[in-house]
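Notes to accompany the following structure.
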Amino acid sequence: MAIDLQKQKAAGNEKGAQQQLLHRKRKATEIEQSEYGKDESQGLIQAKKYIRGDKVSVKGIVDKKLKGQLRTKERLFVESALNAAKVEQWLLPSEGGYLEPDGIEKTWNLTQESIVREVDISSSKKSFDLKLPDLGPYAIDFTSSGRFLLLGGRKGHLAILDWKEARLLTEIQVRETTRDVKFLHNELFFAAAQKKYVYIYDKKGVEIHCLKSHLCPLKLEYLPHHFLLTTIDKAGILRYQDTSTGHMVVQHRTRLGRCGVMRVNPYNAVMGLGHSNGTVTMWSPNMDTPLMSLLCHRGPLTALAFDAGGQQMVTAGTDGKVKVFDVRKLQPLHSYFSPTVARSVEISQKGLLAVASGSGIEIWKDALVTKQPKPYMKHRLLQGSQVQDICYCPYEDVLGIGHEQGFSSILVPGSGEPNYDTFVANPYETRKQRREAEVHALLNKLQPEMIVLDPDRIGTIQRSAIENKREKQIVAKEANLAGAIASGKPVPLKKKTKGRNKSSKRHKKKQDNIISERRAVIKQQVNSGANFVELKTPKAQEEALPRALARFSSK
Amino acid sequence: MKVKVISRSEDDFTRERRQDLQKVFRNLDPSLHPQEKAHEYVRALNAVKLEKVFAKPFLGALSGHTDSVSSMAKSPRRLNCIISGSMDGEIRLWDIAYRRTICHYSGHKGPVRGVAVSSGGDRLVSCGDDCTVRLWHIPTSTGGEPSSVGNDVAEPVATYQGKNAFRGVDHRWSSNIFATVGAQVDIWDHNRSEPISSFSWGTDTVISVRFNPAEPDVLATTASDRSICLYDLRMSTPLRKVVMQTRTNSVAWNPREALNFTAANEDCNCYSYDMRKLGFATCIHKDHVSAVMDIDYSPTGREFVTGSYDRTVRIFTYNGGHSREVYHAKRMQRVFCVKFSGDATYVLSGSDDTNIRLWKAQAAEQLGVLLPREKKKHAYLKAVKERFKHLPEIKRIDRHRHLPKPIYKADKLRQTLIEAERKKEHRKRAHSAPGSVPLIPARRKRIVTELE
């Protein structure tokens, strides 16, 4: 390279030499080691999260066309990841929240009042209390855009609010015990787990459906991509109902008794159930038995939560422990101790863990991968009212708490994702946009057969059924042969010495003892006595009849 | 303490006036888009199904000839016209958009065997069984209006008499030279009444001729002695010849790859060759069930269309062993000539039932001006289909084509015959002395010999 440059310089073409140098440099080094500066190297680190999957090595491939195509594709993947990182760096409109204490202040000492005093007016309005003491502890749910809030009191009080504008959309009293409430694909429909059945209501409070096949439901969950409403009941039966077509997809008997803890893993749409024997089981509609079963606690589970990326799972049990597990590797990471039993556990979009026990809530930051000594924030409810249900509001730094005395919302700086994607969830949706989004969601609706533990396996090549069958046959044949040889191992030959011991006869006997597979199988059958037609000898028959009747026996 | 909470002002995230577009914000973080692969799979499946719903390739027919269409020519300067010659001696200039004849050229006393347009787009050359070569004038297009409806009957500019019947004609891509074939290969100039030079190799009839668009001096001819012969105008003798087991009906040069051509053969296959290495075919394109009559490349050089004696028109990719698309119609009989339009959007087929049919090259394509959003969506769906096309559900829908029963049955029969032959040869090889039955690759099998 240096000699070429000298030649070019000699020819007086310095510009050309520089260009050649740059060209060579770009060719020789990988993008990661190229002429990026420090700022851009940060962008490269961010770009890593946009690369899905491992790089395919092209070294072993003989086919030149395929090799070229794969190389181009890999280059495009890297480029698109870098572009996405640049978009993240420069084009996102909002910034996340944070809480930085001054001096000797600690974050867990800070109260909600002090935080509300410091933030702007519109944010301070987001922290409020709804006093609803009469109608029981409240179960809550937010829509996926975070705009609408659904309250369900134990004594049958159901209400939808546009909580940012403090506007009540609808309020009904169903006069029955309501254990759980859930929004369906948007704010137009919600489901309530009432005393006997599951009911689906409209935005105006009109009862649309009564799902009579879901008996005594305890918990509800909704899978938005599959349009599946999942319920778990007192008998421990898990039911999947398709809310777009209306048919029941499947019912699974868990056979592990009453189960009151259910959560969906948002990464792969697998249902996690927490049982009273301390196990967490994972279910999909395709299998009758759990996909996975993990023993987590010494005693019944009280709460369960998954993080948004499907990496970690947090469980809480009556043994007072809050444990963090790695879901992919199925390993426990660490455990925290809570003096009172944790009633509810929740993980925010940004990975903040909220643990509600009794009338207090603790929020832990970066507590999933590493063990934190102290929580990030603490909050205690007024009048010691017991927490029933907590839920983070998506795309806002707000945690909603449903408790005995009503509903409260607190500010948790840094918990929400600041930048939303219009095509995923839009807090400022107009009616037209909502309709279009519904249609697009229905067009892209996934089938329940696609729910698998590893969603990356969709689209991969499976070895053909014929190949598998052939392999199984070969393995079975070998096993049979081995078994046959083992069972037909020759008895040590006796050396007969009464003159009938010709060596050729001995050799022939030895050969006969190398029993074929078929003979071994038949021998086995004979020994077991199954499927074998017994040959009745005429003599045996004759002996059965008395001698006087011997003339009547058939020959 | 320093505290900040997410606070969005509604003004920044909603539109100001009703006539503005709605604001769209994207966040490409993968954690906000779970199960993307599954969604893409569902989109691919829906796209492939919709493609079948929208696959309406037949656009119309140009009818007017009174005998079967024997040859077609497209002008290198105009996209909206096609010239066809039929077996009753009539040549017509068509306006494709209005499906009308602009001009009749009558004069030939027997079947017209070949038509070609000069590189300037103003002269038409035709040859026929009446041993004449005629030159005609093509009227220039008049802006955006439809050309005046043809009751014009034009007179030939020139008529040149030859000794034997002519079987085909093709025009050189840069100058006023054209070649006719029949008893031998003749090279003519527009202004000379005698051929300026002649080539011949062997005594058999030469059936078709094609000039190479990228190498203007090279031409390929096919003869009834089952050979394909290559000539160069700059040399006085033919270049080389490859003899196959069956006759080649037509040849087409790849406009993107100067030295590659594809031959449409009588044994239902098309063979792609590299001009420099005629010892083996670079690709064999199989799918027809009867003799392939004509072949033409798309101007992109990535596809070609073939018309066959089995009443179908097939579109192949340039390096694909099987066809991408098959077109048939109940009333379309033996297809004798096919042409790919100059903008690679349409395919024209001239057949035995005196009609020229106009088809779309991409059966499900939306024609006309597309909005940028539509274009993006089409590009996305194409990419997503490409990503998942190997999976069984999608492959089954994508591959599915309706074939008329006789062709379906004929194809099945052909497959059994080929399979039987293959098995027989395999067993022969297995039970003979190793090396006594040589393994000849399919690319070489059909070639008898290569001659210089």
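The values are calculated or read from the model by the stated rules, or taken from the named source; none is laboratory data. This structure is a prediction, so every number in the text was calculated from the model and none was measured. No Cβ is skipped: glycine too gets one built from the backbone with ideal geometry, and neighbour counts run over all protein chains shown.
Of the conditions (1) touching a helix residue (DSSP H, G or I) at 6+ places or on another chain (Cβ under 6 Å); (2) buried (at least 21 other Cβ atoms within 10 Å of the Cβ); (3) farther than 20 Å from A:Tyr138 by Cα; (4) not aromatic (Phe, Trp, Tyr), A:Ser415 fails just one. Which one is it?
(1)
Is there a residue being away from every other protein chain (no Cβ under 11 Å) and within 23 Å of A:Lys378 (Cβ to Cβ) anywhere in the range A:80-90?
No, the range A:80-90 contains no residue that is away from every other protein chain (no Cβ under 11 Å) and within 23 Å of A:Lys378 (Cβ to Cβ).
Would you call A:Arg75 of a type outside the set (Gly, Ala, Ser), more than 13 Å from every other protein chain (Cβ to nearest Cβ) and either out of contact with any Ser or Thr (no Cβ under 6 Å at 6 or more places or on another chain) or assigned to a helix (DSSP H, G or I) (or both)?
Numbers: of a type outside the set (Gly, Ala, Ser): yes; more than 13 Å from every other protein chain (Cβ to nearest Cβ): yes; either out of contact with any Ser or Thr (no Cβ under 6 Å at 6 or more places or on another chain) or assigned to a helix (DSSP H, G or I) (or both): yes.
Yes; evaluated as a whole, the condition is true for this residue.
Return a yes/no flag: does the range A:365-383 have any residue that is within 14 Å of another protein chain (Cβ to nearest Cβ), closer than 27 Å to B:Phe13 by Cβ and among the hydrophobic types (A, V, I, L, M, F, W, C).
The answer is no, given that none of the residues of the range A:365-383 is within 14 Å of another protein chain (Cβ to nearest Cβ), closer than 27 Å to B:Phe13 by Cβ and among the hydrophobic types (A, V, I, L, M, F, W, C).
Could you tell me how many of the residues in the range B:313-360 are part of a strand (DSSP E or B) and acidic (Asp, Glu)?
Matching residues across the range B:313-360 total 1.
Identify all residues within the range A:257-280 that are within 14 Å of chain B (Cβ to nearest Cβ) and not in a strand (DSSP E or B); write none if there are none.
The answer is A:Pro266, A:Tyr267, A:Asn268, A:Ala269.
Across the range B:331-384, which residue is surrounded by the most Cβ atoms within 10 Å (Cβ to Cβ) among those that are under 14 Å from the mean Cα position of the chain (by Cα) and among the β-branched types (Val, Ile, Thr)?
Among them, the one singled out is B:Val338.
Does B:Ala55 meet the test of being buried (at least 16 other Cβ atoms within 10 Å of the Cβ), more than 10 Å from chain A (Cβ to nearest Cβ), closer than 29 Å to B:Leu391 by Cβ and of a type in the set (A, V, I, L, M, F, W, C)?
no
Going through B:Leu219, B:Leu233 one at a time, which residue ends up being crowded, with 23+ Cβ neighbours inside 10 Å and in contact with a strand residue (DSSP E or B) (Cβ under 8 Å, 6 or more places away or on another chain)?
B:Leu219
Looking only at residues that are under 29 Å from A:Pro285 (Cα atoms) and without any contact (Cβ under 8 Å) to a residue 12 or more places away in the chain in the range A:425-436, which one is nearest to the other protein chains (Cβ to nearest Cβ)?
Among those residues, the one meeting the criterion is A:Glu436.
Would you mind stating whether A:Leu99 is away from chain B (no Cβ under 11 Å) and either in contact (Cβ under 8 Å) with a residue 24 or more places away in the chain or under 16 Å from A:Ile401 (Cβ atoms) (or both)? So that I can check it myself, show each step before the final result.
Values: away from chain B (no Cβ under 11 Å): no; either in contact (Cβ under 8 Å) with a residue 24 or more places away in the chain or under 16 Å from A:Ile401 (Cβ atoms) (or both): yes.
Judged against the criteria, A:Leu99 is not a match.
Could you grab me the full set of residues in the range B:413-452 that are loosely packed, with under 10 Cβ neighbours inside 10 Å, hydrophobic (A, V, I, L, M, F, W, C) and more than 22 Å from B:Gly279 (Cα to Cα)?
B:Ala430, B:Ala433 - these are the residues of the range B:413-452 that are loosely packed, with under 10 Cβ neighbours inside 10 Å, hydrophobic (A, V, I, L, M, F, W, C) and more than 22 Å from B:Gly279 (Cα to Cα).
Can you tell me how many residues within the range A:437-448 are farther than 20 Å from A:Pro394 by Cβ and within 10 Å of chain B (Cβ to nearest Cβ)?
Qualifying residue count for the region: 4.
Based on this model, can you work out whether A:Leu446 counts as surrounded by fewer than 17 Cβ atoms within 10 Å (Cβ to Cβ) and touching a His at 6+ places or on another chain (Cβ under 9 Å)?
no
Could you grab me the full set of residues in the range A:111-123 that are more than 35 Å from the chain's Cα centre (by Cα) and not β-branched (Val, Ile, Thr)?
Answer for the range A:111-123, where residues must be more than 35 Å from the chain's Cα centre (by Cα) and not β-branched (Val, Ile, Thr): A:Glu113, A:Ser114, A:Arg117, A:Glu118, A:Asp120, A:Ser122.
Out of B:Asp11, B:Asp20, B:Asp67, B:Asp88, report the one residue that is part of a loop (DSSP other than H, G, I, E, B) and within 14 Å of chain A (Cβ to nearest Cβ).
Of the residues listed, the single one that is part of a loop (DSSP other than H, G, I, E, B) and within 14 Å of chain A (Cβ to nearest Cβ) is B:Asp20.
Consider only pairs whose beta carbons are under 7 Å apart and that are at least six residues apart or on different chains; among these, list those whose first residue lies in the range A:243-260 and is within 20 Å of A:Asp202 (Cβ to Cβ) and whose second residue is among the hydrophobic types (A, V, I, L, M, F, W, C).
A:Thr243/A:Leu184; A:Thr243/A:Phe227; A:Thr243/A:Leu229; A:Ser244/A:Phe227; A:Ser244/A:Leu442
Enumerate the pairs (first residue in the range A:110-121 and at the interface with another protein chain (Cβ under 8 Å from one of its Cβ atoms); second residue anywhere and part of a loop (DSSP other than H, G, I, E, B) and surrounded by 12 or more Cβ atoms within 10 Å (Cβ to Cβ)) with beta-carbon separation below 6 Å, excluding pairs fewer than 6 apart on the same chain, so at least 6 apart or on different chains.
Once the first residue is at the interface with another protein chain (Cβ under 8 Å from one of its Cβ atoms) and sits in the range A:110-121, its partners that are part of a loop (DSSP other than H, G, I, E, B) and surrounded by 12 or more Cβ atoms within 10 Å (Cβ to Cβ) give A:Val119/B:Val5; A:Asp120/B:Ser7.
Have a look at B:Leu28, B:Leu50 and point out the one that is within 14 Å of chain A (Cβ to nearest Cβ), more than 23 Å from the chain's Cα centre (by Cα) and at pLDDT 95 or above. Lay out the reasoning, then the answer.
Numbers: B:Leu28 fails: at pLDDT 95 or above.
Sole residue among the options that is within 14 Å of chain A (Cβ to nearest Cβ), more than 23 Å from the chain's Cα centre (by Cα) and at pLDDT 95 or above: B:Leu50.
Residues that are touching a helix residue (DSSP H, G or I) at 6+ places or on another chain (Cβ under 9 Å): which helices (runs of 4 or more DSSP H) entirely in the range B:361-452 hold 2 or more of them?
B:372-388, B:392-399
It is to be established whether one or more residues within the range A:124-143 are without any contact (Cβ under 8 Å) to a residue 60 or more places away in the chain, in a strand (DSSP E or B) and either small (Gly, Ala, Ser) or crowded, with 19+ Cβ neighbours inside 10 Å (or both).
Taking every residue of the range A:124-143 in turn, none turns out to be without any contact (Cβ under 8 Å) to a residue 60 or more places away in the chain, in a strand (DSSP E or B) and either small (Gly, Ala, Ser) or crowded, with 19+ Cβ neighbours inside 10 Å (or both).
So is B:Asp204 surrounded by 23 or more Cβ atoms within 10 Å (Cβ to Cβ), more than 25 Å from the chain's Cα centre (by Cα) and either under 17 Å from B:Arg276 (Cα atoms) or of a type outside the set (Phe, Trp, Tyr) (or both) or not?
no
Return yes when B:Ala410 is in contact with a strand residue (DSSP E or B) (Cβ under 9 Å, 6 or more places away or on another chain), of a type outside the set (D, E, K, R) and surrounded by 16 or more Cβ atoms within 10 Å (Cβ to Cβ) and no when it is not.
no
Based on what the data block shows, is A:Met271 under 17 Å from A:Ile451 (Cβ atoms), surrounded by 20 or more Cβ atoms within 10 Å (Cβ to Cβ) and not basic (Lys, Arg)?
Numbers: under 17 Å from A:Ile451 (Cβ atoms): yes; surrounded by 20 or more Cβ atoms within 10 Å (Cβ to Cβ): yes; not basic (Lys, Arg): yes.
Spelling it out, A:Met271 is indeed under 17 Å from A:Ile451 (Cβ atoms), surrounded by 20 or more Cβ atoms within 10 Å (Cβ to Cβ) and not basic (Lys, Arg).
Hey, among B:Thr317, B:Thr262, B:Thr306, B:Thr312, which residue is at pLDDT 95 or above, under 21 Å from B:Trp173 (Cβ atoms) and among the polar types (S, T, N, Q)? Please lay out each step first, then the result.
On the way: B:Thr317 fails: under 21 Å from B:Trp173 (Cβ atoms); B:Thr306 fails: under 21 Å from B:Trp173 (Cβ atoms); B:Thr312 fails: under 21 Å from B:Trp173 (Cβ atoms).
Just one listed residue meets the conditions, B:Thr262.
Out of curiosity, is A:Ile401 in contact (Cβ under 8 Å) with a residue 12 or more places away in the chain, away from chain B (no Cβ under 12 Å) and surrounded by 15 or more Cβ atoms within 10 Å (Cβ to Cβ)?
Criteria met by A:Ile401.
Checking the structure you have, find out if any residue of the range B:282-301 is in a strand (DSSP E or B), among the small types (Gly, Ala, Ser) and surrounded by fewer than 22 Cβ atoms within 10 Å (Cβ to Cβ).
The answer is no, given that none of the residues of the range B:282-301 is in a strand (DSSP E or B), among the small types (Gly, Ala, Ser) and surrounded by fewer than 22 Cβ atoms within 10 Å (Cβ to Cβ).
Regarding the range A:188-202, can at least one residue be identified that is of a type in the set (Gly, Ala, Ser), in contact with a strand residue (DSSP E or B) (Cβ under 7 Å, 6 or more places away or on another chain) and not in a strand (DSSP E or B)?
Looking through the range A:188-202, none of the residues is of a type in the set (Gly, Ala, Ser), in contact with a strand residue (DSSP E or B) (Cβ under 7 Å, 6 or more places away or on another chain) and not in a strand (DSSP E or B).
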